[in-house]
Every structure is written in structure tokens, then in C-alpha cells.
Amino acid sequence: MKKVKQKNSQLLVRINDQERAEFINLCEELDTSAAREVRRFIREFIAQHYAAPQKE
């Protein structure tokens, strides 16, 4: 069984109303949540940048 890390922090992101509405609507159409998609983006972003060779 996979142990899930506790979610105990928040991140405030300011975007315009139209972008927020479009994002929320798309998430609903895809049967997911905005929070889940933002967390997925953050994990992928971290993995991508740790995997990339570091510039000197």
C-alpha cells in the first residue's frame, strides 16, 4: 500500500477571473479537481528540473 504524504501547506496563486473559470470548467469536464491538477503540475515540474543536467 502506497503511503500518501500529508497535505499541510497552501500556495496562493493569483490569476485573472477568466483563466480561473476556464481552468475550473475544464477540470470539471475532465472529472478532476483544480487542486489535483496543480499538484500534478508541481510534481512533474520538479521531476523535470531535477532530471535535467545542471547548467554551470
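The values are calculated or read from the model by the stated rules, or taken from the named source; none is laboratory data. Bear in mind that the values here come from a model prediction, so they are computed numbers and not experimental data. Please note: Cβ atoms are built from the backbone with ideal geometry, for glycine as well, and neighbour counts cover all protein chains shown. Surface accessibility is based on the protein's heavy atoms, side chains included, excluding ligands, DNA and RNA. Shrake-Rupley method; radii C 1.70, N 1.55, O 1.52, S 1.80 Å.
What the table shows:
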quantity	calculated
With every protein chain in place, the chain: carbon and sulfur % of accessible area (1.4 Å)	53 percent
Distance in nm between pseudo-label sites at F23 and R36 (7 Å out along the Cβ direction from Cα)	1.7 nm
Segment 39-50 - phi-based ³J(HN,Hα) in whole Hz, Karplus 6.51/-1.76/1.60, Gly and Pro as x	4, 4, 4, 4, 4, 5, 4, 4, 4, 4, 7, 6
Label zone at H49, where the point sits 7 Å out along the Cα-to-Cβ direction: segment 1-42 residues whose backbone N lies under 14 Å	41-42
